[in-house]
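Before any comments, here is the structure.
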Amino acid sequence: MNPFQICKVFGDRYLLLIMAATYIKPRSAREVSKLLKISIPVAYRKIDILEKMGLIKCSKSVLTRSGRRLKLYEPTTDKIELVLDGSKLKSITRNSDPHQKTNTISLDKELVEN
């Protein structure tokens, strides 16, 4: 994952709180909304951002008593690190399996391009 995308998550309180809440247990957008005291549309927008970034996924879909389908979300990663190492910005994501993904951006190159 692009380190600048990780910066977006770290810079948005609700994205971080949703990551933490769904890590504790899979939750629906409605549960996230109540827990974080945000509107349901905002909860869906934030979940959509995290889903598109590949940081959370729908772990299962359940049928409510009223017959509506309810998606439960959980993180796809156990750990996210953002490291500034000299002129390099690294993002490291780890899953429960031993796989680790590291992406690095050279800030020198970014400075020259901008």
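Numbers at a glance
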{"read-out": "Single residue of segment 1-44 satisfying the filter (basic (Lys, Arg) and closer than 15 Å to THR76 by Cα) that is surrounded by the most Cβ atoms within 10 Å (Cβ to Cβ)", "value": "ARG27"}
{"read-out": "Scope segment 68-82; condition of a type outside the set (Lys, Arg) and surrounded by fewer than 14 Cβ atoms within 10 Å (Cβ to Cβ); matching residues", "value": "ASP78, GLU81"}
{"read-out": "Matching strands (runs of 3 or more DSSP E) fully within segment 1-89 where at least 1 residues are farther than 30 Å from LEU107 by Cβ and within 13 Å of the chain's Cα centre (by Cα)", "value": "56-63, 69-75"}
{"read-out": "Residue count, segment 20-30 (criterion: in contact with a Ser or Thr (Cβ under 9 Å, 6 or more places away or on another chain) and either without any contact (Cβ under 8 Å) to a residue 12 or more places away in the chain or not hydroxyl-bearing (Ser, Thr, Tyr) (or both))", "value": "1"}
{"read-out": "Any chance ILE105 is modelled with pLDDT under 85, among the aliphatic types (A, V, I, L, M), touching a Pro at 6+ places or on another chain (Cβ under 8 Å) and not assigned by TED's automatic domain parsing to the domain that holds LYS8", "value": "yes"}
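The values are calculated or read from the model by the stated rules, or taken from the named source; none is laboratory data. Model, not experiment: these values are computed from the prediction. All Cβ positions, even for glycine, are placed from backbone atoms using ideal geometry, and neighbour counts span all protein chains on display.
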